[in-house]
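Below: one structure, written as structure tokens.
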Amino acid sequence: MNEEQSGRPRNSGANDEWAASDKLARRRARWLDLRTYLASLFLIFGVVVTGAGITASPAQIAKAAGINLSLWTGLALIVLGTVFLLWLLRVPPVLDNRPDANSEG
């Protein structure tokens with residue numbers, strides 16, 4: 001049975017190896033994507049600043065013209081971090097490192 005009859009490429013072991021390697025490369029690319037770090041920083045700082053806003057005293061709020069700036073800024077940071085995280089999950093990094101079918105090696 002030749003390649004055309006079986007419907008499988010001749011080098012299926014190499015394809016499995018590429019699939020595993022490609023999966024690892026995609027995972028590494030996602031971790032090294034700038035959106036990952038920005039989302040993490042915005043979420044961490046957002047939680048800290050929101051916590052400071054929740055525990056703000058009435059005197060601190062009065063200094064800011066009656067607006068709890070820490071609370072609102074912290075919530076905005078959390079929303080922004082969530083947007084970056086959803087963007088990363090929705091549009092993953094593109095990897096263009098597969099060899100061409102015509103290339104040798």
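In region 31-62, which residues have a backbone nitrogen under 18 Å from the label point lying 7 Å from T82's Cα in the Cα-to-Cβ direction?
Within reach of a label on T82: 36, 38-54.
Step through the residues of region 44-61 one at a time and calculate ³J(HN,Hα) from phi using the Karplus curve (6.51 cos²θ - 1.76 cosθ + 1.60, θ = phi - 60°), rounding each to whole Hz and writing x for Gly and Pro.
Using θ = phi - 60°, the values come out as 5, 5, x, 5, 5, 5, 5, x, 5, x, 5, 8, 5, 7, x, 5, 5, 5 Hz.
Within region 65-88, find all residues whose amide N lies under 12 Å from a label point positioned 7 Å from the Cα of A56 along Cα-to-beta-carbon.
Residues 65-76 fall inside that zone.
Bear in mind these aren't lab numbers, they're just calculated from the coordinates by the rules spelled out. Note that this is a predicted model, so its numbers are computed, not measured. Methodologically, a virtual Cβ is constructed for each residue, glycine included, from the backbone with ideal geometry; neighbour enumeration extends over all protein chains shown.
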